[in-house]
Amino acid sequence: MRPTTTAYEATIHADFLPSPLLWAAAEPLLPEALSGVSKRGRPRVCNRQMFFAMYYILVTGMQWKALPRCLGAASTVHERFQEWGRAGVFKQLWTSGLVQLQAEGRLDWDWQCLDACQTKALLGGEAVGPNPTDRGKGGVKRHVLTEAQGLPIGVAVTGANVHEVTQVQTVLDSMPVLPPPAEGDFAPGFCSDKGYDAEAVRRLLAQWGYRVHILGRGEEAEKRRTPGYRARRWVVERTHAGFHRFRRLLSAGKRKSPTTKLSCTWPVPTPSGDTPSYFPDRLL
């Protein structure tokens, strides 16, 4: 028997809808309707349609009220998004994906990379500050820590005027999974740019058991001339670029900081045997 195709799947291009893998990971985490809800009026819209609508908004970056009607009423989708956010659904989805990858030994803990990226905040909001690189306009700074392959394992969202060094502890504390104990004298490497070059940061990373590698641009250019040198920090920059494929994250047009942060925490595990990746359906 052929699977039934819904109206929104027949109307919306597949590139703007979540893959079966992502939906399969999310479905068990979605809460059922609250008990005691009145059965009068229209029946509750199914979770699958609501999840697909949220993904569509995240990818396209459109306003809630511009949502195609085949995906549901914008007010209903937004209410469900807030409900799931309060229930911790998106963080659970992120955590469960990383836990599965950790259990399968497919997270590369040899190196971790930390970097921050600034985006516009058109509507202002809670986690917004004047962007010093954009004539003081409101902006958001996304701090992301990745493992060696670029999979995000820690995240923090602040105003654009918050210095990177103040958020290292916050990002480290946000990791749902931790690296395994170091074997022998080998400790995981930690790469970041010159913005994190502070004695307090180096001490903190040493307490966490990292080998610290923080180079300025001039030092990095000099290192490239060394035979056998391999740059490693680029993976976190690629991850930021991957976030920007989702237009809702490219410009933070949301007033609530939890909404911005929740949108950054949607990775799910890949099938066994695949290399962990985030393009395009494994990370939102």
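Details
- Candidate set: segment 151-193, residues that are touching a Pro at 6+ places or on another chain (Cβ under 8 Å) and outside any strand (DSSP E or B); chosen: the one nearest to T95 (Cα to Cα): L151
- Restricting attention to segment 188-212, the residues being buried (at least 16 other Cβ atoms within 10 Å of the Cβ) and in contact with a Lys or Arg (Cβ under 8 Å, 6 or more places away or on another chain) number 7.
- Extreme residue, nearest to the chain's Cα centre (by Cα), among residues of segment 132-150 that are at pLDDT below 90 and assigned to a strand (DSSP E or B): R142
- Total residues in segment 176-201 satisfying the condition of being β-branched (V, I, T) and under 17 Å from Q149 (Cα atoms): the figure is 1.
- G209 being at pLDDT below 70 and over 20 Å from the mean Cα position of the chain (by Cα): no
The values are calculated or read from the model by the stated rules, or taken from the named source; none is laboratory data. These figures come from a predicted structure and were not determined experimentally. No Cβ is skipped: glycine too gets one built from the backbone with ideal geometry, and neighbour counts run over all protein chains shown.
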